[in-house]
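A short write-up of the structure that comes next.
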Amino acid sequence: MKGNIRRRTSGGGWQLCVWVGKKPDGRPIRHWETVSGSKATAQKRLNELLAALDKGAYVPPSNQTLAEHLHSWLEGYAKTSCSPRTVDGYQSIINNHLIPALGHIQLKDLQPRTIQAFYGKARETLSARTVSHFHRILSQSLKYAVRQGYLGRNPCDLVDAPRLVKKTMRTLTPDEVEILLTKAQDSNCYPVIYTAISSGMRQAELLGLRWRDIDLEMLSISVSQVFYKRRGVCTFKEPKTMNSRRRVAMTPKLAQFLREYRAERESLHWQMGRPLTLDDLVFANIDGQPLDPSTLTHTFSRLASEVGLKRVRFHDLRHTFASLMLLRGAKPKVISEALGHASVAFTMDTYSHIISGMQEDAMALLDEVLPSGVARSGRGASKP
């Protein structure tokens, strides 16, 4: 016998007993559980336990709370698998939202309906995108609990995350690009702004760029390190993924600009008494120190606002690069590789609104190739 049910003599309900294994001395290990309600309810729970035993999915009961598990997940998984910036984001959401709302619940007692109710309450004051981040972090941590044998199944699998409304991406037209660059010409940030819109590179990639990474003869830029600011401290790191570590082709105009810009930097360095080396940063302060990411972001926002381009971010230069490439007929795979995306599918999804707007142009090209149709009356058809 693997398990049985018996009515409790006091307090009502039913008591389940399931044999889950043997001790080293051969004595059985039993799992006891109390179920309220009808005997059919108790039988259903017994069947679930027996099925879990047969599948090897039985999880011994534990009094660990969700708060304890989330801290354990951060230390045991997130900090060894994610970047420090990502861990900071996880930690903020866990400490400020997940633990205050759900942290007191024991892991084994966490129910899908409780999680769903938490999402509903959070949506009263927070955006769907923010609450979807809660869901992603909670689901990942509980998936880890299943792998570690703390849970038999992930309750987040039975929860509906908030539906995201895709935000309209802000991109600049060629005329707006010209207006912005004209305004930025007298700014020390002009070189990095011009390179960003000409290459589609991320801000951190541009600020980590060294002269050894630029091949002006082969018209290419190699992305081999990034420069981040975290908790007020700036650090150089390797790119996060293999796709991010890539070679970006340059336009002839960008290559010519960087040649002239390098000559200016070499002259400046000689005036300061030291030559420009291959390990010097391409975009740096006069003393050679890295540009502060926050300063660059704020300077760009100010320049954009002064020419009427409100709410345009530095990152929107990357989107502008991609949209202009698509509108000029570049293949999505080429753009995906230039941007360092994980897949062409991700690129297509990100810029689907631009691609859908290109159907008219595609139909016009097709119209040039196909012959005109001939109506039936013009084909000399015989009468029926």
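So here's what we get for this one:
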item: Isotropically averaged projected area of the stretch 88-221, using the convex hull of Cα atoms (one quarter of hull area), nm²; result: 13.4 nm²
item: Length released on extending from residue 113 to residue 10, taking residue separation times 0.36 nm less the Cα-Cα span; result: 34.1 nm
item: Positive-end residue of 10, 216, 159, charge dipole of the chain with Cβ unit charges; result: 10
item: Theoretical FRET efficiency, 1/(1+(r/R0)^6), r = Cβ-Cβ of residue 333 and residue 62, R0 56 Å, to 0.05; result: 0.70
item: Net charge dipole size for the stretch 140-188 [Lys, Arg +1 and Asp, Glu -1 on Cβ; Debye, nearest 20]; result: 500 debye
item: Net length gained if the chain between residue 153 and residue 218 were fully extended (0.36 nm per residue, minus Cα distance); result: 18.1 nm
item: Net length gained if the chain between residue 81 and residue 40 were fully extended (0.36 nm per residue, minus Cα distance); result: 10.3 nm
item: Lys/Arg +1, Asp/Glu -1 at C-beta; the chain dipole; positive extreme among 126, 249, 107; result: 107
item: Where a label projected 7 Å from the Cα of residue 287 along Cα→Cβ would reach, residues of the stretch 228-246 with amide N under 13 Å; result: none
item: Choice from 221, 335, 29 with maximal GNM fluctuation in the chain (Cα, 10 Å cutoff); result: 29
item: Ranking of 264, 337 by count of other Cβ atoms within 10 Å, fewest first; result: 264, 337
item: Order of 73, 270 under a 10 Å beta carbon neighbour criterion, fewest first; result: 270, 73
item: Value of relative contact order over the stretch 1-121, rounded to a whole percent, pairs C-alpha under 8 Å and six or more apart; result: 19 percent
item: Viscosity 1.306 mPa s, temperature 10 °C, Stokes-Einstein D of the stretch 190-239 from Kirkwood C-alpha radius, µm²/s; result: 138 µm²/s
item: Theoretical FRET efficiency, 1/(1+(r/R0)^6), r = Cβ-Cβ of residue 264 and residue 168, R0 45 Å, to 0.05; result: 0.70
item: Charge dipole (debye, nearest 20) of the stretch 217-320; +1 at Cβ of Lys and Arg, -1 at Cβ of Asp and Glu; result: 620 debye
item: Cα gyration tensor, the stretch 274-332 - rounded (a/c under 1.5), prolate or oblate; result: oblate
item: Cross-link table 166/240; 143/237; 167/229; 79/240, entries beyond 19 Å C-alpha to C-alpha; result: 166/240; 143/237; 167/229
item: Distance in nm between pseudo-label sites at residue 301 and residue 343 (7 Å out along the Cβ direction from Cα); result: 3.4 nm
item: Prolate/oblate/rounded call for the stretch 179-314, Cα gyration tensor, a/c under 1.5 rounded; result: rounded
item: Cα-centre dipole for the chain with unit charges at Cβ (Lys and Arg positive, Asp and Glu negative), debye to 20; result: 2320 debye
item: Expected-Rg normalisation [2.2 N^0.38 Å, Cα atoms] applied to the stretch 3-55; result: 1.22
item: Environment charge of residue 230, counting only residues whose C-beta is closer than 10 Å and scoring Lys/Arg +1, Asp/Glu -1; result: +3
item: Percent RCO, i.e. relative contact order, over the stretch 140-229, from Cα pairs under 8 Å lying at least 6 residues apart; result: 15 percent
item: Prolate/oblate/rounded call for the chain, Cα gyration tensor, a/c under 1.5 rounded; result: oblate
item: Whole-number percent relative contact order across the chain, with pairs defined as alpha carbons under 8 Å at least 6 apart; result: 11 percent
item: Where N is the number of residues in the stretch 66-158, Cα Rg divided by 2.2 N^0.38 Å; result: 1.01
item: Part-to-part distance (alpha-carbon centres) for the stretch 187-260 and the stretch 32-49, which is given in Å; result: 62 Å
item: FRET efficiency for residue 245 and residue 176, using Cβ-Cβ distance with R0 set to 30 Å, rounded to 0.05; result: 0.45
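Each value in this text was obtained by applying a stated rule to the coordinates, not by laboratory testing. The model shown is predicted, which means the values in this text are computed figures rather than measured ones. Note that each Cβ is placed from the backbone with ideal geometry, even for glycine, and that neighbours are counted across all protein chains shown.
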